[in-house]
Structures are given as structure tokens and as C-alpha cells.
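To start, the structure under review is shown below, and the notes come after it.
The values are calculated or read from the model by the stated rules, or taken from the named source; none is laboratory data. A quick note: this is a predicted structure, and the numbers were derived from the prediction, not measured. Quick reminder, even Gly has a Cβ in these numbers, built from the backbone with ideal geometry, and neighbours come from all protein chains shown. Quick note on the areas: whole protein, heavy atoms, side chains included, nothing else; ligands and nucleic acids left out. Shrake-Rupley method; radii C 1.70, N 1.55, O 1.52, S 1.80 Å.
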Amino acid sequence: MRWSRLVMRFHVGARFRCWQNVHVATDGELLQVSASNGEGVSIVYRLAATIEAHGSIAFPAKLLTDYIGSLQTNPVSLALQEGTYACHISCGRSSADINGTDPSQFPVMPAFDDEQEIIVLEANQLKEMIEQVSFAATQDTSRPIFTGMYLTEKHGQLTCVAADSFRLAVRNLPVAEHLIEELLIPARVMEQLARILPKEGTVEIGVTPRRNLVRFHTPSLDFFAPLLEGTYANYQAVLPKVWRTRAVME
């Protein structure tokens, strides 16, 4: 069987969500894995690889992730059969042939204007903020506004809010940049983001030109999330102005 020289070697453990298809392509000296759920959530993950020839393919996501997940931590090699979308995957003594599809049919990732104003946070701060606030959002879809996490910036302070009928969580972080607008992002999507964010480095937050998606960018990851429509409730009106009892913990 004749194989083309599209061979990509990478290490098991690249984190990408399991949706209907994933797009695998070479990008310079990197391997790029992309996925989208068709509802505004998209991921582009980049990892180091040894590229012998360039190319791309779309794989059935569950089939690929199940197989890759069963492999050891040895380097994995991918090779496309010339003129087809059949891919030979090998790792140590394990190997498999998986039929992919035409990558041109894969949805185009959202465009982003690099000159657009962004806000920059430490990845561990964003992860912590999501974990501390997202639990308070409701799962009742009849009140879609309260299924989201509300982000707003004022006077160099980023505020993240989530609430339902019984609880309210607010977290503030100092920032240097300024958001163009207020953001309302589904809390369940933010929880997914928190699970895949790197432990170190910074995260850039910006809005796509159509103002319908927010992008979280790191050197290895682009995560796009949909923005909810509507005006968030005036949560400040329910915050107590006077505290009878106050506890301070280090």
C-alpha cells in the first residue's frame, strides 16, 4: 500500500473535545487540531510535531479520540494514503487505519481581528474565577440570561457575575486593558474552558468582528464561545450595603 509523505508525529494527550468531526492539519512546524459543536463553541489546539510533509484531514471525532486515548505515551505517527483520506496511525506496537473525510467540508473557524481591543488575564486567574463563580448560574433554560456568566470591566477592574433565584457569586480582578462591551457567556461553556486552560501563561479575551462570539487565546489554544443576547439583571441592587457580621480569612 502506497502512502504519501504526510507524516505527523506527536505525543498522546493533546486535549480536544469529542464532537462529530475533528480537523487535523499541519501548520508550519505545528500540528493543529480543530473541532466545533455547530452551536458557536469551537476549539483550535496546536501542539509540537515533526512534520515530514504537509496536509490535512477530517476524522470522525469519537473514533479518533477513542483510539488515541487507548495508546501509550509513545510518539504517534499519522500518514495519509496518497489520493485518499485513509490515514494510517501507529504508536509503538499498535497501529490502525482510519478513514477520514475531505477537510474542505469542515466548518471554517471564526475570523478574528488581531487589531481589536483585548483583555489579558493570567490563565490560572481565569480558571479560578470561572470555578468560583459558574456554580451560581442556573441550569433552567427558561431563563437563558441567568444560564450565563456576566463579564464587565470598569475602571481597570474585571467583574464576573453568575446568579439564579437563590444565590449570587461575584468575583473581581484588576486588569490593565478595557473591554469594548459587556459579555454574557454560557456558564456551562466557561466550565468547559476552565478544564482545558493551561496552568501557566496568559489568556487573551476578545470579541469576533460580528460580535456574536468571544475568543480565549493562548499560544496553544483558541477557544470560541457564543455570546448570549439580552441585558443582565442589576445584580448590584441586591448586594448588601451594610454587613452586621464580617469574617476575613487568609
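The residues GLU250, GLU82, sorted by heavy-atom accessible surface at 1.4 Å with ligands and nucleic acids left out, run GLU250, GLU82 from largest to smallest. Residue order by solvent-accessible surface for THR202, THR26 is THR202, THR26, largest first, with ligands and nucleic acids left out and a 1.4 Å probe. Counting protein heavy atoms only, the chain has 49 percent of its accessible area on carbon and sulfur, 1.4 angstrom probe.
You can think of it this way: the chain between ALA237 and GLU204 has 8.8 nm of extra reach, that is 0.36 nm per residue less the Cα-Cα gap. Relative contact order for the chain: 18 percent, from Cα pairs under 8 Å spaced at least 6 residues apart, divided by residue count.
The relative contact order of region 74-147, computed from alpha carbon pairs under 8 Å that lie at least 6 residues apart in sequence, is 15 percent. Close amide-amide hydrogen proximity is noted between ALA86 and GLN81, GLY100, each under 5 Å apart and 5 or more residues distant or on a separate chain (H modeled in the peptide plane; Pro and chain starts excluded).
Between region 69-96 and region 24-48, how far is it from one alpha carbon centroid to the other, in angstrom? Cα centroid to Cα centroid, the span is 18 Å.
The residues of region 209-250 present an accessible area of 80 Å² per residue when probed at 1.4 Å with all protein chains retained. Of the residues HIS54, HIS217, the one with the largest accessible area comes first in the ranking HIS54, HIS217, computed with a 1.4 Å probe on protein heavy atoms. Rolling a 1.4 angstrom probe over the protein heavy atoms with all chains in place gives region 96-204 an accessible area of 54 Å² per residue. Here's the list of lysines a cross-link from LYS62 could span, going by alpha-carbon distance under 27 Å and ignoring same-chain residues fewer than 8 apart: LYS127, LYS199.
The accessible area of PHE135, taken with all protein chains in place and a 1.4 Å probe, comes to roughly 110 Å². Dividing the summed -39500 (n - 2.57) terms of all DSSP H runs of n ≥ 4 by the residue count of the chain sets its mean residue ellipticity at 222 nm at -3500 deg cm²/dmol.
Using the charge dipole of the chain (Lys, Arg: +1 at Cβ; Asp, Glu: -1 at Cβ; taken about the Cα centre), state which of ILE57, LEU80, GLN20 has its Cα farthest towards the positive end. The residue sitting most towards the positive pole is GLN20.
Considering only alpha-carbon pairs that sit under 8 angstrom and 6 or more positions apart, the relative contact order computed for region 168-250 is 23 percent.
For THR202, the residues whose amide H sits under 5 Å from its own are ALA123, ignoring neighbours fewer than 5 places away on the same chain, with H placed 1.01 Å from N. Take ASP164: with every protein chain present and a 1.4 Å probe, its accessible area is about 30 Å². Here each label is just a point 7 Å from Cα along the line to Cβ, and for VAL108 and ARG188 those points are 2.9 nm apart.
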